[in-house]
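Chemist: Before I ask anything, here is the structure I am working with.
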Amino acid sequence: MKEHGIFERYGLTRVINVSGTMTGLGASRVVPEAIKAGAEIQSHFVRIDDLQAKASEVIASMTGAEAGFVAACSAAGMSQCISGSMTGSNLNRIESLPNTDGLPDEVVIQAGHLINYGAPVSQAISLTGARIIPLGTAALVNFYNLEDCIGEKTAAALYVVSHHVVQEGQIELEEFISICRDRDVPVIVDMASEYDLRSPIEMGADVVIYSSHKFLGGPTGGIVAGRKKLIRAAYLQNRGICRHMKIGKEGIAGTIAALEAWENRDHKSAYDREQGYVNYWRKVLGDVDGLLPDIHHDWTGNPITRLKVSVIPDDAGLFAWELADRLSAGEPSIQVRDDLIEHGYFFLDPCNLLPGEEIVAGQRIAEEVALARRRGDGRRYSFSERRRRSVEALLKWPDLL
Ligand SMILES: *Cc1c(COP(=O)(O)O)cnc(C)c1O
């Protein structure tokens with residue numbers, strides 16, 4: 001029980017995370033190399049510019065970019081790069097944001113990319129003082145929308161790669177980059193959750209951004225890589241509005257270590273272990289009345305195979321979201337991936353699990369369904385009702401339940 005010391009000390013509920021890397025759950029399990037590096041630097045002074053220059057070297061070698069730095073998170077990195085695309089390295093302009101008088105201040109982005117990753121991407125743009133120029137409509141945008149919206153005032157183009165974006169009717173990254181390059185507009189690519197560290201730079205993107213705390217298992221941070229001139233202009237925003245999004249020495253050192261560890265990790269055996277969890281769940285849940293498990297490959301091609309679990313309310317005796325809520329309310333709290341749950345299914349994500357947790361999660365799911373069938377106490381509230389309740393609960397914080 002020693003490893004759970006802090007949970008007892010602070011009276012916290014233990015969580016089994018089968019939802020993936022979620023900010024609201026503490027993102028990911030930080031790899032030992034990053035914990036060690038972060039802890040090591042905590043009790044020392046270091047010139048942050050030196051540490052960030054070292055980060056630049058490591059980020060450049062791993063992404064193929066000219067330079068890089070560590071931001072507070074991906075959202076901060078986006079604001080920082082958009083600011084840099086407006087001000088360049090002019091320190092007076094940097095101190096003057098969000099006043100953009102006399103600067104190019106328009107950011108073009110496909111309407112279907114204006115998503116919410118916990119906060120709206122539009123806010124990462126607009127808080128810098130930039131103006132958003134949405135291209136096309138949610139599920140349909142064509143090359144001419146982009147071509148026609150680029151003009152004198154365009155500072156940058158933002159492109160989001162994610163399962164959150166509308167998946168059809170969008171301009172592909174390669175074409176997007178090519179149109180912008182012909183017009184000298186820098187392209188900033190949000191790859192926060194994507195494993196592919198090299199393709200966007202190879203395609204000619206000017207900046208690409210990853211979260212340190214997601215698949216890499218780093219501390220909270222944003223990895224920003226790209227052309228040196230724009231990277232420098234973005235980095236200098238630490239003397240301006242990005243002072244409000246400060247990364248500390250432990251986050252920078254931990255991110256460098258996480259990147260190095262990623263290169264040395266045995267990805268094949270990690271994937272095989274995760275597959276074992278998914279196969280176990282498929283077997284156990286396949287025997288439960290009312291559940292239909294199915295293998296699901298990642299939406300954007302990341303090497304993650306999840307289990308999609310459809311809940312048939314008439315047979316299972318409860319709705320998918322009721323099952324998710326009952327799993328969450330238990331001890332340990334089991335958190336399934338529920339962002340598409342209104343469709344009647346959820347996902348089990350095997351990343352970051354400790355051996356044995358898959359069994360606890362799988363058995364609890366089977367038990368909750370059996371219990372609901374026996375008691376007949378399910379199918380009580382709709383998805384809209386659930387959403388309303390969750391907002392109500394949020395608005396009571398710090399008073400919990
Ligand atoms: C997670 C995510 C973000 C936010 O990343 P943070 O590092 O937590 O700020 C932005 N964009 C996408 C596509 C994401 O998945």
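Chemist: Using DSSP, restrict attention to beta bridges with both residues in segment 31-264 and report what percent are antiparallel, rounded to the nearest 5.
Modeler: The antiparallel proportion sits near 45 percent.
Chemist: What residues have an amide H closer than 5 Å to that of Gly20, excluding those fewer than 5 places away on the same chain, when H is modeled at 1.01 Å from N in the peptide plane?
Modeler: Amide H neighbours of Gly20: Asp349.
Chemist: Name the GluC sites (Glu not before Pro) in segment 169-203 that are in a loop by DSSP and that have at most 15 other C-beta atoms within 10 Å, would you?
Modeler: Glu172
Chemist: Expressed in nm², what is the orientationally averaged projection area of the convex hull enclosing the Cα positions of the chain?
Modeler: Averaging across all directions leaves 20.9 nm² for the Cα convex hull.
Chemist: For a quick check, take a GNM of the chain with Cα springs below 10 Å and name the residue from Gly136, Gly102, Gly362 with the largest mean-square fluctuation.
Modeler: With Cα springs under 10 Å in the chain, the top fluctuation among Gly136, Gly102, Gly362 is at Gly102.
Chemist: Checking the a/c ratio against 1.5 first, then a/b against b/c, what shape does the Cα gyration tensor give for segment 117-207?
Modeler: In terms of gyration-tensor shape, rounded.
Chemist: Counting only C-alpha contacts under 8 Å and six or more residues apart, can you give the relative contact order of the chain as a whole percent?
Modeler: Values: 762 pairs, mean separation 85.0, N = 401.
With pairs under 8 Å counted, the relative contact order is 21 percent.
Chemist: OK, next. Taking only C-alpha pairs under 8 Å that are 6+ residues apart, what is the relative contact order of segment 309-401 in percent?
Modeler: Normalised by residue count, the contact order of segment 309-401 is 33 percent.
Chemist: Using 1/(1 + (r/R0)^6) with R0 = 35 angstrom and r between the beta carbons of Glu57 and Arg14, what's the FRET efficiency to the nearest 0.05?
Modeler: Efficiency at R0 = 35 Å is approximately 0.35.
Chemist: For Arg389 and Lys36 in one chain, what is 0.36 nm times their gap in residues minus the Cα-Cα distance, to one decimal in nm?
Modeler: Full-extension gain reported as 123.0 nm.
Chemist: Do any trypsin sites (Lys or Arg not before Pro) in segment 328-401 lie in a DSSP loop with no more than 10 other beta carbon atoms within 10 Å, and if so, which?
Modeler: Qualifying residues, ordered by number: Arg380, Lys396.
Chemist: Given labels modelled 7 Å from the Cα in the Cβ direction, how far is it in nm from Lys229 to Ser178?
Modeler: The two pseudo-label positions are separated by 2.4 nm.
Chemist: Defining a contact as two alpha carbons under 8 Å apart and six or more residues distant in sequence, what relative contact order in percent does segment 1-107 show?
Modeler: That works out to 10 percent.
Chemist: Turning to a different aspect of this structure: Around Arg181, with a cut-off of 13 angstrom between Cβ atoms, what is the net charge of the other residues, counting Lys and Arg +1 and Asp and Glu -1?
Modeler: Details: positive: Arg183, Arg227; negative: Glu147, Glu174, Glu175, Asp182, Asp184, Asp206.
Computed value for this residue: -4.
Chemist: Would you mind pulling out the separation of the Cα centroids of segment 302-347 and segment 387-401, in Å?
Modeler: 20 Å
Chemist: Of the candidates Cys180, Cys81, Cys73, which one comes out as most mobile in a Gaussian network treatment of the chain with C-alpha springs shorter than 10 Å?
Modeler: Among Cys180, Cys81, Cys73, the largest GNM mean-square fluctuation belongs to Cys180.
Bear in mind that the values in this text are calculations on the coordinates, not laboratory data. Treat the numbers as computed from the prediction; the structure is a model and nothing was measured. Glycine also receives a Cβ, built like all others from the backbone with ideal geometry; neighbour counts cover every protein chain displayed.
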